[in-house]
Amino acid sequence: MAEYKLLTHAFGTKDLPTLGVYEKLGGYQGLREAISKFTPDELVAQVKQSGLRGRGGAGFPTGLKWSFLPKDVFPRYLCCNADESEPGCFKDRWLIDNNPHQLIEGVLIAAYALQVETAFIYIRGEYRDQRLLLERCIDEARSKGYLGRDILGSGWNCGIIVHGGAGAYICGEETALLDSLEGFRGQPRLKPPFPALKGLYGMPTVINNVETLSNLPHIVQRGAAWFAALGTEKSTGTRLFCCSGHIGRPGTYEMELGTPIAELLENHCGGIWKGRKLKAFQPGGGSMQVLLPEHLALPLDMDVIQQAGSALGAGAMVFMDETTCLVNVSMRLVDFYKHESCGKCTPCREGTYFESALMHRLEAGQLTLAELATLEDICDNMNGKCFCPLGDTATWFVMSAYRAFRDEFEAHCGAGTCPVAAAQVTALVPA
Amino acid sequence: MANKTTTPSSSEGLAEAEKVTVTIDGREVAVPRGSLVVDAASSLGIHIPIYCAHPKLDPVAVCRMCLVRVGKMPRLQPACATVVSDGMVVTTQSPEVAKVREGMLEFLLLNHPLDCPVCDRGGECDLQDFAVRYGPQTSRFPITQKSHAAKAVVLSDKIELDQERCILCWRCTRYYDEITGEKELVLVRRGIDTVIDSFNGEPLTSDFQGNLPEVCPVGALTHRQYRFQARPWDLQRTKGICPECSYGCNINIDARDFEIKRFASRDNPQVEDMWLCDRGRYSVEKWSHGSRVRHPLIRAGGEVREVGVDEAVAEAARQLGEVLRLHGGGAIGVIGSPMLTNEELWLLQRLARETLDCHNCDHQLDELGNVSADEHSLGIAEIEDCETVVVLGAEPEANTPVLTLRLHKAQLRRGVEVRRVEHDASPASLGIKGKRLVGVIADEVHRAYAADMADALASGNTLVKRLTVTRGVNGRGAKDMGMLPTQGPGYSRVTGGKDGRQILHAASAGAIKALLLVGAETVLRGAGILAEKALAKVDVIIAIEPRAGIVANAASVVIPGHTYFEKRGSVTNVEGRVQRVSPALPPATAAPQETRVLAMLAAALGATGWGTGDPFEVNTMLSQAIDAYRGAGNGGRALWKRQGEPR
Ligand SMILES: Cc1cc2nc3c(=O)[nH]c(=O)nc-3n(C[C@H](O)[C@H](O)[C@H](O)COP(=O)(O)O)c2cc1C
Ligand code: SF4
Ligand code: FES
């Protein structure tokens, strides 16, 4: 297994973001086939059979999620999650920039399968260019009858509304996204009820990631069985990996799932830069636990990485070389969560503040060993106790780093400075 | 946004709900299906600390204080938002849960200012209490790193907010979302910088702001009226009924050094449902002002003499007796007040009718022809059981503000259709058909219209019940007691007499020669110049009056009365609920309470069988005389057999 360009195969084609070019390359054939070959229920069954799992973070089986919608309750809604705010993650923007019609076609196929007449694309506020591009492409598609009234003569109507966020990580969490979309303060909702039963405006709703939906035209055109054969048994298809950090060629690479991480690093990312050695890496974005060089042999498979104590999450690979101070990285990530905590629940709001205060003093070499134990203790008081995963994950990286690099953490205590090659400290996440 | 859970119905006599069995800390209990774990635990006497949860609000599970172990669930679950299921096993007492509680309190206290010594809430604060019971002994966070927020933010003329003390439990914002529907408070900023503030920084305008400090579990929201007035251990608490209107909201009266400092709510789900209006709550100050009549007085020939009660009563009897002998009972007018207790009103009309042969008795000024028990059949909580409620007139709730919240609750939680109807709408034009139970609510001005509406809407299968918003704390009791010119106790038929205004007219014309006025100062002041003319004209004015004013100034005999918070007895609210009141303050006079004075007066006039006028004794007598009151007891509703049932 290796690189496999499924979603990205046409990238680079001149004017791909225009309808004419997209159509020439077979664009909207997937939608046409979906409508002509399948009933909505059959289409849901196809997606189930393809083994497609969510690319937004949790890796939940897409077809199964769709099948939770209660029968005969209308209207229903579909929300495409384009909030992409996970630290280290930039694949959704790339997908939209390069092939916006692929996403729109995916949204429409899902909308048809779910019998949705209004779909939303919730896009992060900073992606202004991408929002305008999507809006232009939606107009184009409407003018050709791919969306609007009586789509392709099927009698089914569907519109797509693009809605820009205002800059909050939490609005990527599906229920906070719904509140934000409804015009409320973006904060996660109490579950149950789950969005499949009571989502947007209290109606059944499906939320899917940009990459998840961009797979649909290919699943319809090439067949569920073909897709299921790609990748591994439980992690089918490909995924886009946003690779960054201390590597020769940072960028986004589409890999068939099951490819060893080492191959991604060595053959595509150009290995660790400056001839240095890998110290640690994060396989799924800022929320996920640290992995070590010994894990490079593992395949890019959601379940395997989970068993190793981390997750593929949102598909962001951050590689750190031997000069990296894990305390420093942890501190910066903790600061991110402190900044992004929505403030709804006590452990996340106060805990990230406490964590951050301790991490800053640790990084400056001012913490005592007893206070380091306090850090571990408050992380335990947060993890699994928060209202939503944001607060839980605010402890994951730092605690995994603490466990794997305990010497390094303890060496900071009372040192008065960062002991890890003080001169070479390289920040991975800009302040 | 809100996700509705089953809130227990507040109406009386609901069918028993289906039960499920759960085991909590090794003990089994059967609770109604749909119950929350926190309530199931409390039914076993197991305390689970809560901050964001509130019995009247939907769960939000934001404070994480109530986390407990539920069965095999991988994470601890919030007891406030977890619904019980049959066979569920819950652990609330374990090292794991204890650690989380301690950890959560450490988080809540992390940036808390710890200014308990100067906080109004100190001594009745859930943060203090749980910190002692479940919290850590010390703080592991340097005080210099605390984040700060604004203190003493003035939200309105009534409410001040300390943003540092706030624990962000969302009770106040949810109170506005769910209970009043006004949404005046919001969350601003995020993360550690999150604070509660008024929407766009505009002053709060709600008529129900005073409930905010009560829903707040800490000292963040405070009453400006009560700021720095007392600590809870300084206060003496008496159960009472709000003095401001006839809705009969249950309150606690908190007094310090014989001065009332605040009214606090005392949850009665049948009545106010724990929510008070600002008019009632902040009427506190009225009770520490105003000059009082402290000694009995006899006024003769331009001279005023301080006398003992016995002498005053004897003189009053002599003067009344003389008018009765010379001119008959028709020359006497008796005016009470809706601020009197049932016992006082019942004795007063009895004194008028039986002893003074006088039918000119009233408790207010307006003509209220054809009062009947029928117009009082709908209960407050019963509003939630109606399918449709027709509200007549501009805003009957203006007289009983808390009714607004019950109507809101009925709409929001029970899906009751509330129709506001202009005076000229015909019943047919409302298109209300095929309903089981319809409520008609009107103020006293629209009683006739309400009667027509009720008649028109009632049919074979539709039961119509009416609620008439009476005026004055015991306006309803005054009617039931027969303190009316046209009806006697229990709406019995009696010889008709003059109503309040007619009495004053007759008095100023010289036709009425004696007035017996009990607590009537406020009633007469409402009559303006007419009252002054009447008081100037009549020579024999016997006044039992707590406050100085036009009545006490004009009376030939004045006997000091007790104010509402100095007396014992019962009052009846708008729906007929008979509720007890007892003294929250010692009387400002040595004279006995009105019931005793009235009994003394009756005896001095030669009547027998009146007893001592002890309020309990009078209550027993009136309950024997009025069937509905025998049924009501203390706290129940006085219900009459409905005439021409079913209607
Ligand atoms: C704090 C937080 C942030 C998230 N941010 C994103 C995001 O930016 N984009 C996204 O697609 N999913 C995000 N998710 C995951 C979503 O909640 C949701 O699981 C996902 O959009 C579902 O789509 P999928 O099934 O296609 O993966 C986030 C989750 C959490 C808890
Ligand atoms: S002000 Fe009081 S009620 Fe409102 S969120 Fe803060 S602690 Fe809760
Ligand atoms: S009381 Fe349960 S989370 Fe606040």
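The values are calculated or read from the model by the stated rules, or taken from the named source; none is laboratory data. What you see is a predicted model; the values in this text were computed from it and never measured. Virtual Cβ from ideal backbone geometry, glycine too; neighbours counted across all protein chains shown. Surface accessibility is based on the protein's heavy atoms, side chains included, excluding ligands, DNA and RNA. Shrake-Rupley method; radii C 1.70, N 1.55, O 1.52, S 1.80 Å.
Observations, loosely collected:
- Any pair with Cβ under 8 angstrom, 6 or more apart, that starts in segment B:130-142 at a residue that is more than 22 Å from A:LEU367 (Cβ to Cβ) and ends at one that is among the aliphatic types (A, V, I, L, M) and in a loop (DSSP other than H, G, I, E, B): B:PHE130/B:MET65
- Scan of segment B:580-593 for residues that are open to solvent by less than 10 Å² (accessible area, probe 1.4 Å) and touching a Ser or Thr at 6+ places or on another chain (Cβ under 8 Å), ordered by number: B:VAL581
- Among (1) of a type in the set (Ser, Thr, Tyr); (2) within 10 Å of another protein chain (Cβ to nearest Cβ); (3) open to solvent by 20 Å² or more (accessible area, probe 1.4 Å), the one test that A:THR368 misses: (2)
- Selection of segment A:372-385 for residues being charged (D, E, K, R) and either crowded, with 17+ Cβ neighbours inside 10 Å or more than 10 Å from chain B (Cβ to nearest Cβ) (or both) yields A:GLU376, A:LYS385.
- Some residue of segment A:200-207 being free of Cβ contacts under 8 Å to residues at least 60 places away in the same chain and open to solvent by 10 Å² or more (accessible area, probe 1.4 Å): yes
- Pairing residues of segment A:314-341 that are within 14 Å of chain B (Cβ to nearest Cβ) with residues that are among the polar types (S, T, N, Q) and crowded, with 24+ Cβ neighbours inside 10 Å, at Cβ distances under 6 Å and at least 6 apart in sequence or on separate chains, gives A:TYR337/A:THR352; A:LYS338/A:THR352; A:SER341/A:THR352.
Residue-by-condition table, conditions (1) within 14 Å of chain A (Cβ to nearest Cβ); (2) not β-branched (Val, Ile, Thr):
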{"position": "B:ASP197", "(1), (2)": "yes, yes"}
{"position": "B:LEU221", "(1), (2)": "no, yes"}
{"position": "B:ILE260", "(1), (2)": "no, no"}
{"position": "B:GLY280", "(1), (2)": "no, yes"}
{"position": "B:VAL284", "(1), (2)": "no, no"}
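- Candidate set from segment A:174-192 (those that are under 22 Å from A:LEU108 (Cα atoms) and open to solvent by 10 Å² or more (accessible area, probe 1.4 Å)); member that is farthest from the other protein chains (Cβ to nearest Cβ): A:GLU174
- Residue among B:ALA442, B:ALA454, B:ALA410 that alone is crowded, with 18+ Cβ neighbours inside 10 Å, in a helix (DSSP H, G or I), in contact (Cβ under 8 Å) with a residue 24 or more places away in the chain and in contact with a helix residue (DSSP H, G or I) (Cβ under 6 Å, 6 or more places away or on another chain): B:ALA410
- Residue-level check: of (1) open to solvent by less than 20 Å² (accessible area, probe 1.4 Å); (2) in a helix (DSSP H, G or I); (3) within 14 Å of another protein chain (Cβ to nearest Cβ); (4) touching a residue at least 12 places away in the same chain (Cβ under 8 Å), A:GLU350 misses just (4).
- In segment B:59-69, of all residues being more than 9 Å from chain A (Cβ to nearest Cβ) and open to solvent by less than 10 Å² (accessible area, probe 1.4 Å), the one that is nearest to ligand 2 (Cβ to nearest atom) corresponds to B:CYS66.
- For segment B:569-579, the condition of being surrounded by 23 or more Cβ atoms within 10 Å (Cβ to Cβ) and either in a helix (DSSP H, G or I) or not assigned by TED's automatic domain parsing to the domain that holds B:GLY333 (or both) holds for none of the residues.
- When every residue of segment A:109-131 is checked against the conditions, at least one turns out to be among the polar types (S, T, N, Q), in contact with a Pro (Cβ under 7 Å, 6 or more places away or on another chain) and within 22 Å of A:ILE219 (Cα to Cα).
- Qualifying positions in segment A:48-63 - among the hydrophobic types (A, V, I, L, M, F, W, C) and in contact with a strand residue (DSSP E or B) (Cβ under 9 Å, 6 or more places away or on another chain): A:LEU52, A:PHE60
- Residue match in segment B:525-532 (condition: touching a residue at least 60 places away in the same chain (Cβ under 8 Å), of a type outside the set (Asp, Glu) and not in a helix (DSSP H, G or I)): yes
Conditions tested, residue by residue: (1) open to solvent by 30 Å² or more (accessible area, probe 1.4 Å); (2) more than 21 Å from the chain's Cα centre (by Cα).
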{"position": "A:TYR4", "(1), (2)": "yes, no"}
{"position": "A:ASP15", "(1), (2)": "yes, yes"}
{"position": "A:ASP41", "(1), (2)": "yes, yes"}
{"position": "A:PHE60", "(1), (2)": "yes, no"}
{"position": "A:LYS71", "(1), (2)": "yes, yes"}
{"position": "A:CYS89", "(1), (2)": "no, no"}
{"position": "A:ASP97", "(1), (2)": "yes, no"}
{"position": "A:LEU108", "(1), (2)": "no, no"}
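- Complete set of residues in segment B:187-212 that are in a helix (DSSP H, G or I) and open to solvent by 10 Å² or more (accessible area, probe 1.4 Å): B:ILE192, B:ASP193, B:PHE199, B:ASN200, B:GLY201
- Subset of segment B:138-170 that is loosely packed, with under 14 Cβ neighbours inside 10 Å, within 14 Å of chain A (Cβ to nearest Cβ) and assigned to a loop (DSSP other than H, G, I, E, B) - its residue that is farthest from ligand 3 (Cβ to nearest atom): B:PRO142
- Failed item, numbered, when B:ASP193 is tested on (1) near ligand 2 (Cβ under 8 Å from one of its atoms); (2) free of Cβ contacts under 8 Å to residues at least 60 places away in the same chain; (3) within 14 Å of chain A (Cβ to nearest Cβ): (1)
- Qualifying residue in segment B:94-113 (condition: open to solvent by less than 50 Å² (accessible area, probe 1.4 Å), in a helix (DSSP H, G or I), among the acidic types (Asp, Glu) and within 11 Å of chain A (Cβ to nearest Cβ)): yes
- Any chance B:ALA255 is part of a loop (DSSP other than H, G, I, E, B), open to solvent by less than 10 Å² (accessible area, probe 1.4 Å) and out of contact with any helix residue (DSSP H, G or I) (no Cβ under 8 Å at 6 or more places or on another chain): no
- Residue check, A:CYS137 more than 16 Å from ligand 2 (Cβ to nearest atom), touching a residue at least 12 places away in the same chain (Cβ under 8 Å) and touching a His at 6+ places or on another chain (Cβ under 6 Å): yes
- The helices (runs of 4 or more DSSP H) found entirely in segment A:353-431 that carry 1 or more residues being among the β-branched types (Val, Ile, Thr) and either at pLDDT 95 or above or more than 22 Å from the chain's Cα centre (by Cα) (or both) are A:369-382, A:389-404.
- With respect to the conditions (1) within 13 Å of ligand 1 (Cβ to nearest atom); (2) more than 14 Å from chain B (Cβ to nearest Cβ); (3) part of a loop (DSSP other than H, G, I, E, B), A:LYS71 lacks only one, and its number is (1).
- Index of the failed condition, A:PRO195 passing every other in (1) assigned to a loop (DSSP other than H, G, I, E, B); (2) within 15 Å of ligand 1 (Cβ to nearest atom); (3) of a type outside the set (D, E, K, R); (4) within 10 Å of another protein chain (Cβ to nearest Cβ): (4)
- Verdict on B:TYR226 being over 18 Å from the mean Cα position of the chain (by Cα) and open to solvent by less than 30 Å² (accessible area, probe 1.4 Å): yes
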